[in-house]
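The structure appears below as structure tokens.
The values are calculated or read from the model by the stated rules, or taken from the named source; none is laboratory data. Since the model is a prediction, treat every value here as computed from it, not as a measurement. Please note: Cβ atoms are built from the backbone with ideal geometry, for glycine as well, and neighbour counts cover all protein chains shown. The accessibility values were calculated without ligands, DNA or RNA, using every heavy atom of the protein model including side chains. Shrake-Rupley method; radii C 1.70, N 1.55, O 1.52, S 1.80 Å.
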Amino acid sequence: MSNKRSIFFDLDGTLTDPYDGIRRCIEYALTELGHPVDPDEDFRWCIGPPLMQSFEQRLGAALAGDALRLYRARFSDSGWRENTPYDGIHDALHALCSAGHTLFVATSKPAVFAERILKHFDLARFFQAVYGPDLDGRLGDKRDLLAHMLATESDLVDPVMVGDREHDMIGASSNGVDTVGVLYGFGTREELLAAGAARLVESPAQLRALFG
């Protein structure tokens with residue numbers, strides 16, 4: 001895979017590990033709404049799909065909007081910084097850019113937060129553009145987001161989606177976009193393959209080798 005390509009990267013679970021911040025913000029929202037959280041509860045299933053969908057699943061539609069508002073209040077203040085770029089991701093992105101690939105971000109996280117995170121962790125310089133939903137949820141479905149990207153960007157070359165969850169693979173496949181699943185994020189091998197991942201990598205370094 002040495003030809004120059006347009007590579008779409010998911011953010012959470014692909015470029016950075018956001019779990020600490022997301023967990024703390026979910027805990028805050030649930031506790032404020034009178035739903036105390038078990039300290040051992042695992043919220044990794046919330047990373048990937050639109051957050052409103054996860055709150056609806058946990059609390060029901062009536063409380064999901066309030067939970068999202070509380071979550072975003074804490075996330076905007078401090079949660080976005082409770083995040084860590086994956087080891088080797090800076091080197092991998094630098095190598096891909098140096099090889100002539102054009103990189104984009106395609107995330108289910110609101111674009112306003114994604115851009116802030118990328119700048120804070122010195123990742124923004126690698127990407128030509130960042131795509132994510134509006135705060136009102138428009139383009140929250142990865143299928144719609146990628147369709148919007150394909151319609152907006154006029155010079156894409158053999159695009160490929162790199163992500164860690166089934167939503168990335170399904171969104172890409174539904175738009176005729178090639179797929180690469182990463183196993184160092186939050187999705188399992190079984191999840192990614194079932195959702196249509198054409199290839200799997202276990203580390204950012206393997207991304208460098210895959211795309212050349």
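I need the fraction of alpha carbon pairs in the chain separated by more than 21 Å, rounded to a whole percent. Tail of the P(r) past 21 Å holds 51 percent of the pairs. Simple spin-label estimate for A129 and D158 gives 2.2 nm between the two label positions (7 Å along the Cα-to-Cβ direction from each Cα).
In whole percents, the pair-distance distribution calculated for segment 81-122 from its alpha-carbon pairs, binned every 5 Å from zero, is 5, 18, 25, 28, 18, 5, 0. Ordered from largest to smallest accessible area (heavy atoms of protein chains, 1.4 Å probe), the residues T102, T188, T179 come out as T188, T102, T179. At the listed q of 0.11, 0.15 Å⁻¹, the Debye profile of segment 1-124, built from one uniform point per Cα, gives log10 I(q)/I(0) equal to -0.43, -0.71. Ligands, DNA and RNA left out, the 1.4 Å accessible surface of the chain is 47% carbon and sulfur atoms. For segment 15-62 versus segment 91-151, the spacing of their alpha-carbon centroids is 23 Å.
Given axes a ≥ b ≥ c from the Cα gyration tensor, I'd like to know whether segment 99-212 is rounded (a/c under 1.5), prolate (a/b larger than b/c) or oblate. It comes out rounded by the Cα gyration axes. Compared with the alpha-carbon gap, the fully stretched path from L33 to T188 is longer by 52.7 nm at 0.36 nm per residue. Taking a virtual spin label 7 Å from the Cα of R81 along the C-beta vector, which residues in segment 116-135 bring their backbone nitrogen under 17 Å of it? Output list for this probe position: 116-123. Ranking F127, F211 from most to least accessible surface, computed with a 1.4 Å probe over the protein chains only, gives F127, F211. Of the GluC sites (Glu not before Pro) found in segment 1-103, the ones in coil according to DSSP and having at most 13 other Cβ atoms within 10 Å of their Cβ are E41. Going by the alpha-carbon gyration tensor, a ≥ b ≥ c the square roots of its eigenvalues, is segment 40-106 rounded (a/c under 1.5) or, if a/c is not under 1.5, prolate (a/b greater than b/c) versus oblate? It is prolate, given that a/c is not under 1.5 and a/b is the larger ratio. Taking 0.36 nm per residue of separation and subtracting the current Cα-Cα distance, fully stretching the chain between D136 and R116 would add 5.4 nm.
A Förster distance of 45 Å, applied to the separation of the beta-carbon atoms of H94 and R69, puts the FRET efficiency at 0.75.
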